[in-house]
Every structure is written in C-alpha cells, then in structure tokens.
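First comes the structure, then the notes that go with it.
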Amino acid sequence: MHHTATFLKALGVACLGLAVAGATMWAALALYFSDLPGAPLRLGLAAAFALGTLGAFLFLRNRRWTLVGFGIAFAAVLLWWTSIEPSNERDWQTDVAVLPYATRDGDLVTLHNVRNFDYRTSDQDFAPRYDERTFDLRELDAVDLIAVYWMGDAIAHIMVSFGFAGDHVAISIETRKEKDEAYSSIAGFFKQYELIYVVGDERDLIRVRSSYRRPEELVYLYRTRMNPDNARRLFLEYVGRINQLKERPAFYNTLTTNCTTDVWSLARALSDQVPLDWRVLLSGYFPAYAYDLGSLDTSMPFPELKARSLINEKAHAADKDPAFSTQVRAGLPQPPPRTPR
C-alpha cells in the first residue's frame with residue numbers, strides 16, 4: 001500500500017510538471033508570436049516568462065505558493081492573448097490583399113473579386129487582376145478535388161473547384177499574410193495570420209503552383225461523383241463563409257482553421273456517411289479516403305488513379321490558354337455521377 005501511494009504521488013507530481021512545462025511553452029510562444037511591437041520586446045517577454053517559471057520552481061521552496069503564482073501569471077497571459085482580435089485592415093501581401101464576397105439573386109450567385117492573376121516568370125512576378133462572375137446554381141454539375149504537394153505524401157494543400165456547365169471557379173483556404181510576414185506552421189497556432197478564402201480562376205490558383213513556384217508543386221485534380229444536392233450545399237457553405245469573413249475577420253490556425261476545414265466540409269459533401277478516419281487530418285491522404293468512400297473513379301486501383309490525375313504537364317502546356325480548365329481535364333478519369341436520393 002505504501003509503495004502504491006508513493007507511486008501515485010510521484011505520478012501526480014510528474015503529470016503536474018508536464019502540465020506546467022506545456023503551459024510555460026505555450027505562454028512563451030504566445031508572447032513571442034504576439035502582436036506586441038518589436039521582436040526584441042516579444043523575445044524578452046517570452047524569455048522572462050520561461051526563465052522566471054524555471055527559476056521559481058527550482059529555487060522557491062514553497063511549491064504550493066509557487067504553483068499559485070504560476071497559475072496567476074499564466075491566466076494573465078491567457079486573458080491578454082484572448083483579447084487579440086483579427087482585422088481586415090492591414091498592409092497585406094498583394095496576392096491576398098483583396099477579399100472576395102458574393103451576392104445572390106435566387107439561383108444566380110455572383111462572386112466578386114475573383115482572382116485572375118497573370119504570371120510571367122515566377123509566383124512573385126505577376127499582373128494583379130480581379131473580376132466578377134455570375135453562376136447559375138441550376139448549372140452546377142461538377143465538384144473537383146485538387147490536392148497540391150510540396151513536402152512529401154502526408155501534407156497537401158486541398159482546394160475545391162466547382163463547375164457550372166464547363167465554367168470552373170476554384171476556392172483555396174489560405175493564410176492572409178502581411179507584407180513583412182512569412183509562413184510558419186508554429187506561428188500559425190498563435191493568431192499570427194488572418195484567414196482568407198481565395199476565390200480564383202483555375203489558371204491562377206492551379207498554374208501558380210504547377211508552373212511558377214520554385215520548386216514547382218505537384219498538382220493532382222480528381223473528378224468526384226457528388227450528388228447535385230450535396231454539391232449545391234457545399235458551394236453555398238463556401239459562399240456563406242466567404243461573406244462572413246468579409247464582415248467578421250477570423251484567424252487562421254495551423255490545426256483547426258485551415259484547409260483541413262475544407263477537407264472536412266468536402267468529406268461531408270462527398271458521402272452521407274463520413275466515418276472517422278485519420279486521413280481526414282493528414283490531408284495528403286485525403287484523396288485515398290475519398291476513393292474508399294466511392295467518391296472518385298473506382299474502376300482502377302487508387303495508385304493508377306493518382307498517377308493519371310497528376311496535371312502538371314497539362315498545366316505547363318495549357319499555360320495562357322483561355323481554355324486552361326478544359327485542357328487540364330482532358331483524359332482525366334471521370335466517375336459516373338451519383339443519383340439524387
């Protein structure tokens with residue numbers, strides 16, 4: 001019994017120590033990646049919190065009051081951090097400077113500020129262009145899954161493209177970075193970036209990744225078999241979120257509010273039954289998950305389907321062709337449509 005009590009006490013102390021260490025790390029990173037002015041100030045506050053916590057637990061003998069003091073300090077950081085609000089008024093990088101929005105008149109939905117950049121030599125060398133496009137919901141007849149890879153098989157950027165009688169518009173969930181910001185997945189946990197749904201012409205959103213980034217990214221386009229009701233619901237879900245972000249900005253989050261949101265919405269639209277699966281979180285494997293749901297062309301093994309769905313060469317060839325969307329889809333496997341229930 002004595003040994004059991006000693007073990008349980010040691011286990012409790014270890015768990016408490018891990019909790020304090022985790023909270024200290026979070027608070028230090030929150031201070032470092034905060035909106036406080038100046039990197040030296042942020043670094044100083046983060047170091048002071050981490051070293052102060054370490055020193056207090058090493059040198060103060062009354063651990064109970066030390067723990068109380070730590071709790072108060074951590075609560076103060078947490079309260080301050082929750083007060084940081086997103087904004088649509090910042091000095092944005094050019095590619096995310098203009099927010100899209102939508103208006104609706106019955107079955108007609110007009111998308112405003114559709115991005116249609118013309119790239120010249122690289123993803124940083126372009127002529128900015130925006131336009132507006134009106135789509136008839138009654139003509140929505142295709143939903144395509146676009147998966148973009150740049151760092152192995154596990155992680156992909158997921159985009160969705162909607163087809164209206166041959167006219168396609170793509171939507172990409174991205175970080176809205178300021179001119180002096182670079183992307184960091186760690187910073188993405190700490191309110192570093194706002195969120196944007198980029199609505200764009202496929203010649204822009206696909207081509208910048210397949211042809212103009214260095215190194216170029218691997219772009220796969222999968223035709224899905226989605227019933228018309230689910231396709232319409234998914235499109236209007238995106239429209240609602242796009243308008244919501246224009247009125248009420250939100251922060252991007254590396255784990256919870258990113259293109260994984262896209263994946264989950266798409267999963268629910270692809271099938272009436274969405275079983276829990278690790279591939280919903282590791283977005284690079286989501287196309288295989290959609291295949292197992294029967295939402296892609298299952299007439300061939302998935303590795304063959306994936307190989308045939310790579311469109312980089314087609315995107316290179318189509319480049320500035322106005323029929324870019326038609327050209328990159330030429331010869332792609334097309335599953336039979338689902339019938340409405």
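The values are calculated or read from the model by the stated rules, or taken from the named source; none is laboratory data. The structure presented is a predicted model; accordingly, all values stated were derived computationally and were not measured. Cβ: placed from backbone, ideal geometry, glycine included. Neighbour counts: every protein chain shown.
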Is it fair to say E237 is more than 18 Å from the chain's Cα centre (by Cα), free of Cβ contacts under 8 Å to residues at least 60 places away in the same chain and in the same structural domain as V114 (by TED's automatic domain parsing)?
-> no
Any chance the stretch 135-157 includes a residue that's free of Cβ contacts under 8 Å to residues at least 24 places away in the same chain, under 19 Å from I242 (Cβ atoms) and either in contact with a helix residue (DSSP H, G or I) (Cβ under 7 Å, 6 or more places away or on another chain) or acidic (D, E) (or both)?
-> no
Scanning the stretch 41-70 for residues that are at pLDDT below 90 and either within 30 Å of the chain's Cα centre (by Cα) or among the β-branched types (V, I, T) (or both), the one surrounded by the fewest Cβ atoms within 10 Å (Cβ to Cβ) turns out to be V68
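Results for (1) basic (K, R); (2) out of contact with any strand residue (DSSP E or B) (no Cβ under 9 Å at 6 or more places or on another chain); (3) surrounded by fewer than 22 Cβ atoms within 10 Å (Cβ to Cβ), shown as yes or no for each residue.
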{"site": "I173", "(1), (2), (3)": "no, no, no"}
{"site": "D180", "(1), (2), (3)": "no, yes, yes"}
{"site": "G188", "(1), (2), (3)": "no, no, yes"}
{"site": "K191", "(1), (2), (3)": "yes, no, yes"}
{"site": "L195", "(1), (2), (3)": "no, no, yes"}
{"site": "V199", "(1), (2), (3)": "no, no, no"}
{"site": "E202", "(1), (2), (3)": "no, no, no"}
{"site": "Y212", "(1), (2), (3)": "no, no, yes"}
{"site": "E217", "(1), (2), (3)": "no, no, yes"}
